[in-house]
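Asks: Structure below; questions to follow.
Values quoted throughout were computed directly from the atomic coordinates according to the rules given, and no laboratory measurement underlies them. What you are looking at is a predicted structure, and each value in this text was computed from that prediction instead of being measured. Cβ sites come from the backbone with ideal geometry, for glycine too, and all protein chains shown count toward neighbours.
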Amino acid sequence: MLPLVLQGIASGIVTGCVYALIALSLVIVYKSSDVINFAAGEMVMVGGYLGMFALLWLGLPYIVIFPFAAVAIFIVGALFDRVVLSRAVGRSVPGHSVLVAMIIATVGLSYVLRGIVRLIPYTEEVRRLPPISSGVPIFLGPVVLQRQDVAIVLAALVIMSALWAFFSFTMIGKALRASSQNPRAAALVGIPVRQMSMTAWGIAAALAGTAGILLAPKLLLTPDMGVIIILALAAAIIGGFVSLPGCVVGGVALGIVQNLIGVYISSRAISLAPFLVIMIVLLVRPQGLFAGSVRAKKV
């Protein structure tokens, strides 16, 4: 039984790294605008189809596909913030929250992206991208890893490391952090808060699109694969919706829990894992594992 458990944990880490990328996308948007992006799942789906287009029709190698899709989805996210959300904020009535309208706008974007993909020929056919890396499996004791799984984990780690370096050492990254923590103070010191919000939406969309390319060789590529946002929400809730490192831990933990449920209970119970994890975390620690203590807010 131990080899089976270790195999489940290893497979859970692979899928959990991708969940973590999508959860990071959600948290970056939430920290910058207090909005949950319900179109993140469709951005994952669009990223997968862009990868398929670049790989099969343009003949680009995988190393070029990632930046190609990331730039394309970045533009989608940035334009959505610039064209839709900024106008919603600009037309808000003083004293009334505009968050509900912004959240509904993200739901509308999810339907728009799904509808556009369905209009493209052959997208209704179930597809899967070829493996990112192929070859002889890697044996780590009783654990067997496909080279594709190793490539997915390495790619996810590189993206996460680049994201950490961006937010920690670049001026734009520091400006984004300042804008998310205190927009009014950031504006007072000359940081263009609206441009930072647009950049944050673009980065979040690019992360989701990149995750779609990583998932496409493992999952079936369909216009309805946006439901994966449920898994990303569960990962973000585990870590705390304001913690980027928490998202990584939450995503990996969710992937492991999913696989262990499949090992010990049934493969049919895997779909219940995110909802079970969400309920347990909300009961034990509602703010998430890395969100700090809950503070009372005076109104």
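Asks: Starting from the Cα-Cα distance between ILE230 and VAL126, subtract it from 0.36 nm times their residue separation and give me the gain in nm to one decimal. Mind dumping the intermediate values first?
Replies: Numbers: separation 104, 0.36 × 104 = 37.44 nm, distance 2.10 nm.
Extending this stretch completely gives an extra 35.3 nm.
Asks: Moving on to the next point. List the relative contact order of the range 2-223 as a percent without decimals, with contacts defined as Cα pairs under 8 Å and 6+ residues apart. Each step should come with its number before you reach the end.
Replies: On the way: 279 pairs, mean separation 95.2, N = 222.
Once normalised by length, the contact order is 43 percent.
Asks: Also, quick follow-up: Springs between alpha-carbon pairs under 10 angstrom, Gaussian network model over the chain: which of ALA187, ALA273, ALA204 fluctuates most?
Replies: Comparing ALA187, ALA273, ALA204 in a Gaussian network model of the chain, the most mobile one is ALA187.
Asks: Still on this structure: Order of VAL14, VAL27, VAL100 from fewest to most other C-beta atoms within 10 Å? It would help to have the intermediate numbers written out before the result.
Replies: On the way: VAL14 22, VAL27 27, VAL100 10.
Neighbour counts put them in this order, fewest first: VAL100, VAL14, VAL27.
Asks: Using +1 at the C-beta of Lys and Arg and -1 at the C-beta of Asp and Glu, which of ASN182, ILE36, ILE213 has the Cα lying farthest in the positive direction of the dipole of the range 2-223?
Replies: Comparing the listed Cα positions along the dipole, ASN182 ranks first.
Asks: Sorting check: for 218-231, 42-55, which peptide has the highest mean count of neighbouring beta carbons within 10 Å, and how do the rest follow? Write out the running numbers ahead of the final one.
Replies: Values: 218-231: 18.4, 42-55: 25.3.
My ranking of the peptides, most packed first, is 42-55, 218-231.
Asks: Also, quick follow-up: Along the charge dipole of the chain, which of PRO274, SER25, VAL227 sits closest to the positive end, that is, farthest toward it, with unit charges on the beta carbon of Lys, Arg, Asp and Glu (+1, +1, -1, -1)?
Replies: Highest projection toward the positive end goes to SER25.
Asks: Right, another one. Assuming R0 = 45 Å, can you tell me the calculated FRET efficiency for the pair TYR111 and LEU276, based on Cβ-Cβ distance, to the nearest 0.05? Show your work: numbers first, answer last.
Replies: Details: r = 28 Å, r/R0 = 0.63.
My answer for the efficiency is 0.95.
Asks: If I model a spin label as a point 7 Å beyond the Cα along the Cα-Cβ vector, how far apart are those points for VAL84 and ARG285 in nm?
Replies: In this crude label model, VAL84 to ARG285 measures out at 3.4 nm.
Asks: Would you please give the FRET efficiency between PHE53 and LEU220, computed as 1/(1 + (r/R0)^6) with r the Cβ-Cβ distance and R0 = 22 Å, to the nearest 0.05?
Replies: Numbers: r = 17 Å, r/R0 = 0.77.
The formula returns an efficiency of 0.85 here.
Asks: Please give the FRET efficiency for VAL71 paired with VAL100, using the beta carbon to beta carbon distance and R0 = 30 Å, rounded to the nearest 0.05. Show your work: numbers first, answer last.
Replies: Details: r = 31 Å, r/R0 = 1.05.
FRET efficiency, VAL71 to VAL100: 0.45.
Asks: Something else now. Counting other C-beta atoms within 10 Å, which of THR210, THR15 has the fewest, and how do the rest follow?
Replies: Working: THR210 27, THR15 24.
By the 10 Å Cβ count, ascending, the order reads THR15, THR210.
Asks: Which is farthest toward the positive dipole end of the chain among ILE13, ALA151, ILE138, measuring Cα position about the Cα centre, with Cβ charges +1 (Lys, Arg) and -1 (Asp, Glu)?
Replies: ILE13
Asks: Sort the following peptides by mean Cβ neighbour count (other Cβ atoms within 10 Å, averaged over residues), highest first: 136-144, 74-82. Working shown, then result.
Replies: Working: 136-144: 10.8, 74-82: 20.4.
Ranked from most to least packed, the peptides come out as 74-82, 136-144.
Asks: For the range 2-223, evaluate the Debye formula with one uniform point scatterer on each Cα (no solvent term) and list log10 I(q)/I(0) at q = 0.13 Å⁻¹, rounded to two decimals.
Replies: -0.80
Asks: Something else now. How far is it, in nm, from the label point at ASP34 to the one at ALA269 when both lie 7 Å from their Cα along the line to the Cβ?
Replies: A separation of 4.1 nm, rounded to one decimal place.
Asks: Can you grab the distance from the C-alpha centre of the range 99-165 to the C-alpha centre of the range 256-282, Å, no decimals?
Replies: 21
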